[in-house]
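Beneath this line is the structure, given in structure tokens, with notes to follow.
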Amino acid sequence: MEAIAKPLPRVTPELAPFFEAAKARKLVVQRCASCGRLRFPPRELCSHCWSRDAEWVPVSGRGEVFSFYWMHQIYHPGFAAEVPYPVVIVALEEGPHVLSNIVGCAREQLRIGLPVEVTFEDASDEVTLPKFRPRG
């Protein structure tokens, strides 16, 4: 039986800078050009000052697990072989929170507060996904 491909995010014009940076193995978030607040996920308005002006800036890719859960539900057949798999919310050192997956982490090692760093997975020729792994 042929494996079913996982769905990939669409690279929209708004997200193109994020995916271009990921392809270059860099993690970027938006920074409000008016007040300087960092934000992720990207959005049209700054939730602090309501400015529409933003730029993409690199961040360290280091942080800690803020929260996590184990996905047991199969919402798409492309993920069936991986269930259960961990989904994490990472609090980056710079402040924003990123929803992602964790790799290279034993089930019993995963905990809130676990220091992590970004790593990148080439999902296709067009899409590279930032994921996280335990630091050290």
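Remarks
- Test result for L110, surrounded by 12 or more Cβ atoms within 10 Å (Cβ to Cβ) and over 23 Å from K6 (Cβ atoms): no
- Condition check for S60: out of contact with any Pro (no Cβ under 9 Å at 6 or more places or on another chain), under 24 Å from E117 (Cα atoms), surrounded by 12 or more Cβ atoms within 10 Å (Cβ to Cβ) and of a type in the set (S, T, N, Q): no
- Residue count, region 56-81 (criterion: within 19 Å of P130 (Cα to Cα) and either under 18 Å from the mean Cα position of the chain (by Cα) or part of a loop (DSSP other than H, G, I, E, B) (or both)): 17
- Any hit, region 28-46, residues being out of contact with any helix residue (DSSP H, G or I) (no Cβ under 9 Å at 6 or more places or on another chain), on the phi < 0 side of the Ramachandran plot, of a type in the set (V, I, T) and not in a loop (DSSP other than H, G, I, E, B): no
- Selection status of S47, surrounded by 12 or more Cβ atoms within 10 Å (Cβ to Cβ) and over 28 Å from R135 (Cα atoms): no
- Filter result (farther than 24 Å from A22 by Cα, touching a residue at least 40 places away in the same chain (Cβ under 8 Å) and charged (D, E, K, R)) within region 62-112: R111
- Single condition G95 does not satisfy, out of (1) under 29 Å from A5 (Cα atoms); (2) not hydroxyl-bearing (S, T, Y); (3) not in a strand (DSSP E or B): (1)
- L38 being modelled with pLDDT of 95 or more and either within 26 Å of I102 (Cα to Cα) or surrounded by 12 or more Cβ atoms within 10 Å (Cβ to Cβ) (or both): yes
- The set of residues from region 24-35 being closer than 22 Å to K131 by Cβ and either surrounded by 14 or more Cβ atoms within 10 Å (Cβ to Cβ) or free of Cβ contacts under 8 Å to residues at least 12 places away in the same chain (or both) comprises A24, K26, L27, V28, V29, Q30.
The values are calculated or read from the model by the stated rules, or taken from the named source; none is laboratory data. Fair warning: this is a prediction, and the values are worked out from it, not measured in the lab. Cβ: placed from backbone, ideal geometry, glycine included. Neighbour counts: every protein chain shown.
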